[in-house]
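So the structure is just underneath, and the comments pick up after that.
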Amino acid sequence: MRKKLVFGFWVVGCLVWALGLSGEKPLQAKELQIAVMVPNGVDPYFTAKRYGYEKECEKLGVKMLFYDAGGYANVNKQIGQVEDVLQRGIDGIIFGATSTEGTVPVIDKVIDKKIPLVIDNLDCATKKPTLRIMKNGILVGQLRAIYIVDKLKGKGKVLMLPGPSAVTLCQEEYQGFMLYAKHFPGIKVITEWTPSSPDAGMKTVEGILQANPDLKAIATFSPPLTVGACKGVQASGAKPGEILVVGQMLDAGIDDYMRKDWVSATVMCDHIEMAREAVRMVVKQIKGELKPPLLLQIDHYLVDKNTIDQFEKSGSSYPKEWRK
Amino acid sequence: MERATLIKRLDWSRFGTPLAFVTMMVVFAFINPAFLSTKNLSQTLRQGAILFLIVSGQTLVIVTRGIDLSQGSVMGLVSVATISAIYGLGTYWGSLVGVLCGGLCGFVNGSLIGYLHIPPILATLGMLFVALGVELVYTGGVTLTNLTDIDQGRLFWFGGGMVGPIPVPVVFAVIIGVILHYVLRCTKFGRHVYFIGANPAAARMVGVKAKRMTIIVYTLSGLLASLGAFFLTARLSMGFPHLGEGWLVLSIGGAVIGGISILGGEGGIWEAALGTLVIVFLDNGLIVSGVSSFAREAIIGCIIILACLASVIRRRA
């Protein structure tokens, strides 16, 4: 009797094991953990991306640890976060740099330890081979310049708010803008590097408009700066559309500003899809299916009042209920 | 000879900053006449009113030999608390709840310093991180927008509205400034604040209730930072978790430039107003004059250092 019972358990055990093998295999025996490290989590751009990271991690059964440096100026904080992550042990890292140059030593350390790494948009200037998924900053700048130059017919003063000066992406967008605008001698560009916050944008636009009442257009780096620019334009007494404001993304109520003509156009990219792709890239790298170096660049497009309801938003906006 | 005597006799500690302010205004007006336009003055005063409230709170604290490092984070907290409270309670009650949040932070600071004897720099530094953490956990880092048109219209009046030709925040700032000036100069409370700052041990010996005074002063600092954040949030019509970033430096800088001694026991609301005016008009004047953003930061930083130096030299003299 006892032998039969032991045999029975043994058979059941074998069956369970066999079923386990035939079923869908989890990624690895242990749950994968990846760290997502962003420079400025309160920027609506990163809020939207966080949605993409979360959803893709859920889909792939990966645990996500989210680290926010709390602003582009907090390079030391971000370096500390990376070092903490290295100490605790992690399977992979998705990294957006606070400072392109300042984060090189710590990122080199990550690469030396052979921890799978994807640099997501905010670049780190490491010379070691890495996976990168990037926006095309030059193209973003050029798209804004093309729109503004076209609307102004090649003549007028333009204020450029490229964002924080230490960020390579901001510098690239600025370069892209100037690359195109320099061909039009009638376009005079005033540049003000500011933090990416609405109050900084508002204060700067108010001051610049006093000194330059003939200002025709403003190009901004981020949604908070765009909101600030709109508030500055409103305070000057200008009518909607009188001064072109060309921003980036439709978060932080910018779609509403656009519908009311305070924002003329905005450069879009599918940044939520980009975040999802970054997760897929790091997981593939962990599994040995993808090896550095690799650069994936995403597309950009311009949206204005006429096209705001005519493009696919799933790659760039998250459901309102998500954060409630 | 007479002119030389006059310059020597002039009380520079009293008239130095106002004279520097007037000179600065004349120079900027000369560089670009648009600097003195009604529109520019109105806009700059609106920005200045917000800063003045924050500097006033810092002034009260500095006079008692303390410092409030939590003001910037408290501003961010108030910004998101105000907008999220408005979602549920409407504009007026929601705004009140938001402003009281900052007062609560100040009360906690005061209690930690007054009753638990934690040094002000550490207690308020702790609060800086607590407030920042709370606002980020609460919002998940999301900027709060989507107010109804009615709420947005009502709220915007506080930050962007006008009473006749005067911006609303300026009206509030002047009223609050006059009250604070009266309280500091003409009441027993005010005398005790100075007494604590000038000689805390002696103040305790003569029966000044230092603990209670500390709590009141820090609560006022929190409330004034809250009001500043409220007017700024109202103007932007959005709850931005990092709203107060950069404002702490301006609040301490404003107090010091105005002539308030960092060693306590000296200064007042007039000096706070003067320091605020110097900072906002200097920043605005440099923008209007076409000075680059990099150079502006450096110039403002140098002026804060010079003001600190002047304060120390005055104290030694």
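The values are calculated or read from the model by the stated rules, or taken from the named source; none is laboratory data. Nothing here was measured: the structure is a model prediction, and the numbers come from that model. For neighbour counting, all protein chains shown are included, and Cβ atoms are generated from backbone atoms with ideal geometry for every residue, glycine included.
Against the condition in contact with a helix residue (DSSP H, G or I) (Cβ under 6 Å, 6 or more places away or on another chain), surrounded by 24 or more Cβ atoms within 10 Å (Cβ to Cβ) and in contact (Cβ under 8 Å) with a residue 40 or more places away in the chain, how does residue B:264 come out, does it pass? It is false that residue B:264 is in contact with a helix residue (DSSP H, G or I) (Cβ under 6 Å, 6 or more places away or on another chain), surrounded by 24 or more Cβ atoms within 10 Å (Cβ to Cβ) and in contact (Cβ under 8 Å) with a residue 40 or more places away in the chain.
Determine, yes or no, whether residue A:91 is of a type outside the set (A, V, I, L, M) and either crowded, with 20+ Cβ neighbours inside 10 Å or within 18 Å of residue A:169 (Cα to Cα) (or both). Break it down into steps so the answer makes sense when it comes.
On the way: of a type outside the set (A, V, I, L, M): yes; either crowded, with 20+ Cβ neighbours inside 10 Å or within 18 Å of residue A:169 (Cα to Cα) (or both): yes.
Against the criterion (of a type outside the set (A, V, I, L, M) and either crowded, with 20+ Cβ neighbours inside 10 Å or within 18 Å of residue A:169 (Cα to Cα) (or both)), residue A:91 qualifies.
Taking helices (runs of 4 or more DSSP H) as the structural unit, those lying wholly within region B:84-161 and holding at least 3 residues that are out of contact with any Gly (no Cβ under 8 Å at 6 or more places or on another chain), within 10 Å of chain A (Cβ to nearest Cβ) and touching a residue at least 60 places away in the same chain (Cβ under 8 Å) correspond to B:149-160.
In region A:234-256, the count of residues that are within 14 Å of another protein chain (Cβ to nearest Cβ) and of a type in the set (S, T, N, Q) is one or more.
It is to be established whether one or more residues within region B:27-36 are closer than 19 Å to residue B:232 by Cα and at pLDDT 90 or above. Talk me through it step by step, then tell me what you get.
If we filter region B:27-36 for residues that are closer than 19 Å to residue B:232 by Cα, which is where we start, we get none.
No, region B:27-36 contains no residue that is closer than 19 Å to residue B:232 by Cα and at pLDDT 90 or above.
For residue B:232, the test of being within 14 Å of chain A (Cβ to nearest Cβ) and either free of Cβ contacts under 8 Å to residues at least 60 places away in the same chain or closer than 30 Å to residue B:91 by Cβ (or both) is passed.
Of the residues making up region A:297-324, those that are in contact with a helix residue (DSSP H, G or I) (Cβ under 7 Å, 6 or more places away or on another chain), modelled with pLDDT of 85 or more and under 25 Å from residue A:41 (Cβ atoms) number 2.
Here residue B:273 meets the list (1) modelled with pLDDT of 85 or more; (2) within 21 Å of residue B:45 (Cβ to Cβ); (3) in a helix (DSSP H, G or I); (4) within 14 Å of chain A (Cβ to nearest Cβ) almost entirely, failing just condition (4). The residue that is surrounded by the most Cβ atoms within 10 Å (Cβ to Cβ), counting only those in region A:158-177 that are free of Cβ contacts under 8 Å to residues at least 60 places away in the same chain and within 14 Å of chain B (Cβ to nearest Cβ), is A:162. Here residue A:250 clears all of (1) touching a strand residue (DSSP E or B) at 6+ places or on another chain (Cβ under 7 Å); (2) over 19 Å from residue B:143 (Cβ atoms); (3) among the hydrophobic types (A, V, I, L, M, F, W, C) except the condition numbered (2). For region A:178-189, indicate whether the set of residues that are touching a residue at least 40 places away in the same chain (Cβ under 8 Å) and within 14 Å of another protein chain (Cβ to nearest Cβ) is non-empty. For region A:178-189, residues touching a residue at least 40 places away in the same chain (Cβ under 8 Å) and within 14 Å of another protein chain (Cβ to nearest Cβ): absent. Filtering region A:238-295 to residues that are farther than 22 Å from residue A:312 by Cβ, in the same structural domain as residue A:210 (by TED's automatic domain parsing) and of a type in the set (Gly, Ala, Ser) leaves A:238, A:241.
Taking the residues in region A:218-231 that are in contact with a Phe, Trp or Tyr (Cβ under 8 Å, 6 or more places away or on another chain) and under 20 Å from residue A:147 (Cα atoms) as candidates, determine which candidate is farthest from the other protein chains (Cβ to nearest Cβ). So that I can check it myself, show each step before the final result.
Quick first cut of region A:218-231, residues in contact with a Phe, Trp or Tyr (Cβ under 8 Å, 6 or more places away or on another chain) only: A:219, A:222-224, A:226-227, A:230.
Checking the rest, the ones that are also under 20 Å from residue A:147 (Cα atoms) come to A:219, A:222-223, A:226-227, A:230.
Values: A:219: 16, A:222: 11, A:223: 8, A:226: 11, A:227: 6, A:230: 10 Å.
My answer is A:219.
Has region A:194-217 got any residue that is assigned to a loop (DSSP other than H, G, I, E, B) and more than 14 Å from chain B (Cβ to nearest Cβ)? Outline the logic, then answer.
Of the residues in region A:194-217, the ones assigned to a loop (DSSP other than H, G, I, E, B) are A:194-197, A:212-214.
After this cut, where a residue has to be more than 14 Å from chain B (Cβ to nearest Cβ) as well, the list is none.
Within region A:194-217, none of the residues are assigned to a loop (DSSP other than H, G, I, E, B) and more than 14 Å from chain B (Cβ to nearest Cβ).
Just to verify a result, which residue in region B:277-316, among those that are within 14 Å of chain A (Cβ to nearest Cβ) and hydroxyl-bearing (Ser, Thr, Tyr), is surrounded by the fewest Cβ atoms within 10 Å (Cβ to Cβ)? The qualifying residue surrounded by the fewest Cβ atoms within 10 Å (Cβ to Cβ) is B:292. Take residue A:211 and decide whether it is of a type in the set (Gly, Ala, Ser), outside the structural domain of residue A:70 (by TED's automatic domain parsing) and either in contact with a His (Cβ under 9 Å, 6 or more places away or on another chain) or free of Cβ contacts under 8 Å to residues at least 40 places away in the same chain (or both). In short, yes.
Considering every residue within region A:70-78, establish whether at least one is within 14 Å of chain B (Cβ to nearest Cβ), touching a Phe, Trp or Tyr at 6+ places or on another chain (Cβ under 7 Å) and modelled with pLDDT of 85 or more. So that I can check it myself, show each step before the final result.
Going residue by residue through region A:70-78, those that are within 14 Å of chain B (Cβ to nearest Cβ) are A:70-74, A:77.
Adding the requirement that they be touching a Phe, Trp or Tyr at 6+ places or on another chain (Cβ under 7 Å) leaves none.
No, every residue in region A:70-78 fails to be within 14 Å of chain B (Cβ to nearest Cβ), touching a Phe, Trp or Tyr at 6+ places or on another chain (Cβ under 7 Å) and modelled with pLDDT of 85 or more.
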